[in-house]
Amino acid sequence: MKKVYIFLLILLAILRCKAPAPQGDYDYLLSRESDIVFPPSGAAQQWVTIIGGNHTGKYYVAPDGSDANPGTVTAPFQTLSYAVTHLQPGDTLVVFARDRSRTPVIAGENNLSTAFDISNCQYLRIENLEITSNNGRQFREAFTGTNGPIAHIVLKDIKVHHIDEFGVDIGDADDLQIINCQFTYCGFGCIGGPAGQQGGLRNVLIKDCDLSYSGHYYQGGNGSNRPYDRPDGFGIEASEGPIEIVNTTVTHNYGDGLDSKAKRTFIHECLVASNSCDGVKLWGDSSRVVNTLIYGRGDGDNTTTPWSPLVISTENAHAHFEIVNCTVDDSLGENYLMHVQYDNPAVPVFLRVVNTIFSSRGANAPALWLGTAVNYDIHHNLFYTPQDDRLLIQGDTTYTAAEVSQIGTGNIYGNPLFVRTGWQSAGDYHLNASSPAVDAGDASVAPGFDREYQPRPQGGGVDIGCYER
């Protein structure tokens, strides 16, 4: 009997030493600092790749594997943090789920700081993973890169949701691509980070992504107790750029939709809707917004606020900004559709606005407010402010609907006749056939396609707004 008892004690000790098998709706549980994944760097033309799903690689990791294994497809490793220590430039680590036909899910708990610390990494690809908290337990970030600059990083087909801080937290990055990723329900914001020390974000591409519902979750709750008041879909500090955000959906964030302090920010073919605060906010020189739909400020709350769908603000004299073929709509009123240099009215900047619809359907809501030192070229736009006759205010000068042509060549006033406007529900901002915006744009500056990549023109001329009828 004593031998049996000793055997059971030894067996129990062995079981306690073995990493616990994942339970619940995840494949890998990160609960200790030693579980954080620190990917190695690759080398030029020799990338390190970490990819989920049924792929071919040099090494493999699976929930039912063992770190005593050689990491082959038939004898995979068990833990991610151990598996990546074997990677050399040119290697691929395949991450299996329990069901190898689906995307593996990584869950964190115990207030762990991050899933992947990619600080100081170069030539690294991470693809096809889902990262979340372990059923609402405290877990802070999915990707952290604030402890050293990163370069040549690709995040692709990543789904991050229900974590307490940032989806991606980056300070200095050069050549960062975030492609076909979903970042939702992140307590502090989808993509953000501190001010960089080496130029901030440079050569960044965010393409085909969803950056939504920031602040609607925090530590297992609905976000009402979050310490950070205004979490953005995308919010970065001063950077050299360029930043390109294309074909990306940015909705229902408790802060701003897209707030970029980077120079050369280029936002195009995007949907920015139903965010609580500003829709798009630009701070850096040579920034522009093209083929983009912006609407729904307030995210269901009609309280009067200082926020606007489109904001430009900079302390850099002679910075250039451009808005082309966009659609901007707001139903709340009590504020401008766009204000430029509101906090820095004496700082001169150049503003170009062409082929854009400004529809402000609320009370006390002029379309545009410009600082006194703003030099502008505003032409071929459609304005509609049925409850406020003021279209543009600059210093002591105000242009009304009757004076729309004085703002610039080709500017017109009238109901754009959208298919359906939106605020608490989704809108359809395509144009009806009788819209005054149809064929009324300036073809010389219009992009060759609209927000849905339909070629321009479709009729006798290009349409004003982000959609070509």
(request) Run the accessible area of the chain with a 1.4 Å probe and give the carbon-and-sulfur part as a rounded percent. (result) 48 percent
(request) Please list, in chain and number order, the residues 5+ apart from Ile50 or on another chain whose amide H is under 5 Å from its amide H, with Hs placed from the backbone. (result) Leu93, Arg125, Ile126, Glu127
(request) Jot down the radius of gyration and Dmax of segment 424-469, Cα atoms only, both in angstrom. (result) 10.7, 36
(request) Using just the helices of the chain, give the 222 nm mean residue ellipticity in deg cm²/dmol: DSSP H runs with n ≥ 4 each add -39,500 (n - 2.57), and the total is spread over all residues, rounded to 500. (result) -1500 deg cm²/dmol
(message) Let's test the formula: R0 of 56 Å, r as the Cβ-Cβ distance of His318 and Asp67. What FRET efficiency results, to the nearest 0.05?
(response) 0.45
(message) Roughly how far apart, in whole Å, are the Cα centres of segment 246-319 and segment 26-77?
(response) 38 Å
(request) Report, in debye and to the nearest 20, how large the dipole of segment 94-250 comes out about its Cα centre when Lys and Arg carry +1 and Asp and Glu carry -1 on their Cβ. (result) 480 debye
(request) Taking the Cα centre of the chain as origin, sum charge times position over the Cβ atoms of Lys and Arg (+1) and Asp and Glu (-1), and report the length of that vector in debye to the nearest 20. (result) 1540 debye
(request) Sort Leu332, Leu337 from largest to smallest accessible area, using a 1.4 Å probe on the heavy atoms of the protein chains. (result) Leu332, Leu337
(request) Calculate the spin-label point distance for Asn111 paired with Ala402, positioning each point 7 Å from the Cα along the beta-carbon direction, and give it in nanometres. (result) 6.5 nm
(message) Check which residues have an amide H placed less than 5 Å from Ser308's amide H, if you skip close sequence neighbours.
(response) Asp278, Gly279
(message) I'd like the distance between the alpha-carbon centres of segment 391-469 and segment 79-141, rounded to an integer number of Å.
(response) 45 Å
(request) Pop a pseudo-label 7 angstrom from the Cα along the beta-carbon direction at both Asp208 and Asn120 and give the gap in nm to one decimal. (result) 3.4 nm
(message) Residue by residue through segment 186-192, what is 3J(HN,Hα) from phi via Karplus (6.51 cos²θ - 1.76 cosθ + 1.60, θ = phi - 60°)? Round to whole Hz and write x for glycine and proline.
(response) 9, x, 9, x, 6, 10, x
(message) Given a Förster distance of 22 Å, report the FRET efficiency between Gln88 and Arg32 from their Cβ-Cβ distance, rounded to the nearest 0.05.
(response) 0.30
(request) Per residue of segment 305-313, in order, report the coupling 6.51 cos²θ - 1.76 cosθ + 1.60 (Karplus, θ = phi - 60°) as ³J(HN,Hα) in whole Hz, putting x for Gly and Pro. (result) 9, x, 7, 9, x, 9, 9, 10, 8
(message) Give the aspartates and glutamates whose C-alpha is closer than 16 Å to that of Lys58, dropping any in the same chain fewer than 8 places away, or say none.
(response) Asp67, Asp91, Glu127
(message) I want the antiparallel fraction of DSSP beta bridges within the chain, as a percent rounded to 5.
(response) 5 percent
(request) Working with all protein chains in place, sort Ser81, Ser308 by solvent-accessible area computed with a 1.4 Å probe, largest first. (result) Ser81, Ser308
(message) Quick query: amide H of Tyr413 versus all other amide H atoms, modeled in the peptide plane; which residues come in under 5 Å with a sequence gap of 5 or more or a different chain?
(response) Phe383
(request) Find how much the distance from Ala346 to Val445 grows on full extension, using 0.36 nm per residue of separation minus their present alpha carbon separation; answer in nm with one decimal. (result) 32.8 nm
(request) Taking every pair of Cα atoms in segment 219-289, average 1/r, invert it to obtain the Kirkwood radius, and report Rg/Rh to two decimals. (result) 1.02
(request) Could you tell me whether segment 280-405 comes out rounded, prolate or oblate from its Cα gyration tensor? Rule is a ≥ b ≥ c as square roots of the eigenvalues, rounded for a/c under 1.5, then prolate if a/b exceeds b/c, otherwise oblate. (result) rounded
(message) Could you derive backbone 3J(HN,Hα) for segment 248-255 from the dihedral phi with the Karplus parameters 6.51, -1.76 and 1.60 (θ = phi - 60°), listing whole Hz in sequence and x where the residue is Gly or Pro?
(response) 10, 9, 9, 9, 6, 8, 6, x
(message) If you take mean projected area of the Cα convex hull in nm² from the coordinates, which of (i) 25.1; (ii) 20.8; (iii) 24.0 do you get?
(response) (i)
(message) Around Phe183, under 10 Å between beta carbons, what's the net of Lys plus Arg minus Asp minus Glu among the other residues?
(response) 0
(message) Run the numbers for Ala363 and Thr74: contour at 0.36 nm per residue of separation, minus the present Cα-Cα distance, in nm.
(response) 97.3 nm
(request) Treat segment 293-341 as a sphere of radius equal to its Kirkwood radius over Cα pairs and apply Stokes-Einstein at 10 °C in a medium of 1.306 mPa s; give the translational diffusion coefficient in µm²/s, rounded to a whole number. (result) 130 µm²/s
(request) Please give the per residue accessible area of the chain, computed with a probe of 1.4 Å over protein heavy atoms only, in Å². (result) 40 Å²
(request) Largest first and in whole Å, give the semi-axes of segment 92-214's equivalent ellipsoid, each being the square root of 5 times a Cα gyration tensor eigenvalue. (result) 22, 17, 13
(message) Nothing charged except the Cβ atoms of Lys and Arg (+1) and of Asp and Glu (-1): what's the magnitude of the dipole of segment 195-309 about its Cα centre? Round to the nearest 20 debye.
(response) 180 debye
(message) Considering the Cα positions of segment 103-172, please state its Rg to one decimal place and its Dmax as a whole number of Å.
(response) 11.7, 33
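The values are calculated or read from the model by the stated rules, or taken from the named source; none is laboratory data. Just so we're clear, the structure is a prediction, and the values are computed from it rather than from any experiment. Positions of Cβ are generated from backbone atoms using ideal geometry, with glycine treated the same way; all protein chains shown enter the neighbour counts. In case anyone asks, the SASA skips ligands and DNA or RNA and just uses the protein heavy atoms, side chains included. Shrake-Rupley method; radii C 1.70, N 1.55, O 1.52, S 1.80 Å.
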